[in-house]
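These notes concern the structure reproduced below.
Nothing in this text is a laboratory measurement; each read-out follows from the coordinates by a stated rule. Everything quoted here is computed from the prediction, not taken from an experiment. Cβ coordinates were reconstructed from backbone atoms using ideal geometry, including for glycine residues, and neighbour counts include every protein chain displayed.
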């Protein structure tokens, strides 16, 4: 990933973007900075090509070493002053809060960010605030799964404390399924590298399963006040055994009174956690008992999904985030189109991605705005719960959310992903049947 960073003139306010090298979010934030004519620096865990030509625009930081990375950022800011620090993903939110605090910049309280990053601490905060939350218990990866299986109620959900994209999240309906899921999650956690120093690898959260439909709220906190940017419906059921998200469609089709309750619950959760500034992405379930908050992340929506949101004349979500980081008034938060949505294309099975068929046909579906594939042909793919990637993203805009959903489903139905075991994939390649995806129809970028 090559970073093209605007040089600072020494007077224009500058933002440090913390981003993992393999993030989906790099291009969106860099494009937003360019549109705003805003100088930025990029902090990532690897040296960037040609970084020596622009030392004020690049900083190598170790996300594993929070204190050391904070010292690096403070030292960097002494030579190249910073006016704000923004993390593009979960991996950098704790570091952003620590470094902002050290530099006296506007930021979320560190204790609030840590609580939001840890699902167990989130549950504790929501319970203390009297909010609807499932029963929950925390266990060690070293606990005996057979014994733990006798201590929980069913159905329940086994999950890690801080992984994203539903990775490692599994529903179990009886002790036998629980033992399998627990051991599977232990295996996943022991293979995870920590992204931000958070100890995710030694504890497991078990929650009661909450039935209902899922929704998501995208918002911006400004001095503790929540400005809702979008409420997304998730039309596909998420009942397990895994929780692979697919469709996000806005505006919500829930009755207005339900939407008001969703917003009220989000505000309560934000207050309970102590978050005060910047983007938030909240996930929740809605059923006959009301709204149940699942999580509130102190960052914007993940992956390429933000491309489903445009505001005012055509402002990106990332433009609003950067404007707020510098204390500027936000560009209009009114949606640029009446309805929009995204489909995250799920990985149906493990293997080698050998062909992608039907892209041109899918792009011809009325209402389809863009199709972006994110895994190159020839690369191994891993589905949930072990995996954390999607095959790509489909975007739609229309006059009503029903047409958005229909367009996304129709376009997805026209796509065919040929995934084969490694030995068959090699024979497939030798047979010269691999489908070449044209650059004009899709764009590939690593996760």
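Computed as a quarter of the hull surface, the mean projected area of the alpha carbon convex hull for segment 154-281 stands at 8.9 nm².
Derived value for the chain: Kirkwood hydrodynamic radius 22.8 Å. Basis is the mean of 1/r over every pair of different alpha-carbon atoms.
Normalised Debye scattering of segment 135-208 at q = 0.14 Å⁻¹ gives log10 I(q)/I(0) of -0.37, counting only Cα atoms as equal scatterers and leaving out solvent.
A simple spin-label model places the labels of residue 254 and residue 328 3.3 nm from each other, with each point 7 Å out along Cα-to-Cβ. Annotation: average projected area of segment 258-307 is 4.0 square nanometres, based on the convex hull of Cα atoms across all directions. Annotation: peptides 338-344, 408-414, ranked by per-residue average of other Cβ atoms within 10 Å with the highest first, follow the order 338-344, 408-414. With R₀ set to 51 Å, the beta-carbon distance separating residue 56 from residue 380 gives a calculated FRET efficiency near 0.85. The order of the peptides 16-25, 223-232 by mean Cβ neighbours within 10 Å, most packed first, is 16-25, 223-232.
Using the Cβ-Cβ distance between residue 400 and residue 65 with R0 set to 41 Å, the FRET efficiency works out to roughly 0.25. So what is the relative contact order for the chain, in percent, with contacts set as C-alpha pairs under 8 Å and at least six apart? Here the relative contact order equals 14 percent.
With a/c under 1.5 counting as rounded, go ahead and sort segment 15-108 into rounded, prolate or oblate using the C-alpha gyration tensor (a ≥ b ≥ c being the square roots of the eigenvalues; past the cut-off, prolate if a/b is larger than b/c, else oblate). Since a/c stays below 1.5, the shape of segment 15-108 is classed as rounded. As a calculated quantity, the FRET efficiency between residue 213 and residue 74 at R0 = 35 Å, using C-beta atoms, amounts to about 0.20. The P(r) of segment 342-430 has a tail past 24 Å containing 25 percent of all C-alpha pairs. Working note: Cα atoms of segment 212-293, range along each principal axis, descending, whole Å: 38, 26, 22. Between residue 110 and residue 426, the modelled labels are 5.2 nm apart [label points 7 Å from Cα along Cα→Cβ]. Under conditions of 4 °C and 1.567 mPa s, segment 48-187 yields 72 µm² s⁻¹ as its translational diffusion coefficient, taking Rh as the Kirkwood radius over Cα pairs in the Stokes-Einstein equation.
Global size of segment 272-373: 17.6, 48 Å for Rg and Dmax (C-alpha atoms, Rg to one decimal, Dmax whole).
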